[in-house]
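Notes follow once the structure below has been shown.
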Amino acid sequence: MAEGAARSLLRACRIALLAAAVAMSPAAVAQEQTVDPPLREALIEAVHNSESFDNRYVAQVWLADMSHRLRRQLPDPQERVELLTLVHQESRLAELEPELVLAVIEVESNFNRYAISVAGARGLMQIMPFWLNEIGADGDNLFNVRTNLRFGTTILRHYLDVENGNLTRALARYNGSLGQTWYPERVFRAQAERWYPH
């Protein structure tokens, strides 16, 4: 990447991080004015290789903002940006909002890619292993981030289509609680409070 483009990316990252820090205390804002070098490198690589964004500026701002929001769950900047890039790609492929998928992941696994529920659901989006027999290929692993996201977003998209666009019912189907609203409400709350850009 040309040096000028890298400087532009760094400038955009700083702007996005500062915008995300506006609601914080003055001391926290002062700390947010510098971009962590590993985060900067991860963002440069992700923006350069991402095809799911409308343009590079949108990619820069979204990735920097969401990375800031995700740092508590995933302290490693490289891991955060890689996950966010995959979430964006798989969400767009399934015609879902990436922020919705982030909210589902938060509610399902709190971003623990190795999570296993008491019912045996696995990974970030808590996919039941029987799906491997239904739609999987040899060697698929539900702890693989891309595989888990592909299954989860595809399943959620299918349920959204089955429910004629009714997201509340689609989310309840996804969770196995059709007819109840507690799960969709948790997802909507997470989405509104943590994942929608402010």
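Quick note: the coordinates plus some simple rules give every number you see, no bench work behind them. A quick note: this is a predicted structure, and the numbers were derived from the prediction, not measured. Quick reminder, even Gly has a Cβ in these numbers, built from the backbone with ideal geometry, and neighbours come from all protein chains shown.
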What is the spin-label model distance, in nm, from residue 143 to residue 192 if the labels are put 7 Å beyond Cα along the C-beta direction? 3.7 nm
Kindly put 132, 63, 178 in sequence by how many other C-beta atoms sit within 10 Å of each C-beta, fewest to most. 178, 132, 63
For region 94-198, size of Cβ-based charge dipole, Lys and Arg +1, Asp and Glu -1, in debye: 200 debye
Computed over the Cα atoms of region 46-198, the Rg and Dmax in Å are 14.9, 44
Whole-number percent relative contact order across region 51-198, with pairs defined as alpha carbons under 8 Å at least 6 apart: 21 percent
Placing unit charges on C-beta atoms (Lys and Arg positive, Asp and Glu negative, everything else neutral), compute the dipole magnitude of region 62-118 about its Cα centre in debye, rounded to 20. 200 debye
A correct Karplus calculation of ³J(HN,Hα) over region 74-90, with 6.51 cos²θ - 1.76 cosθ + 1.60, θ = phi - 60°, whole Hz and x for Gly and Pro, returns 10, x, 6, x, 5, 4, 4, 5, 4, 4, 4, 4, 5, 4, 5, 4, 5
Order of 196, 114, 159 - criterion: other Cβ atoms within 10 Å of each residue's Cβ, fewest first: 114, 196, 159
When 151, 143 are ranked with the fewest other C-beta atoms within 10 Å first, the list becomes 143, 151
Radius of gyration and Dmax for region 51-140's Cα atoms, expressed in Å? 14.1, 42
Give me, ordered by chain and number, the residues 5 or more places off residue 127 or on other chains with an amide H under 5 Å from its own placed amide H. 122
For residue 157 and residue 71 in the same chain, what is the full-extension length gain: residue separation times 0.36 nm, less their Cα-Cα distance, in nm? 28.2 nm
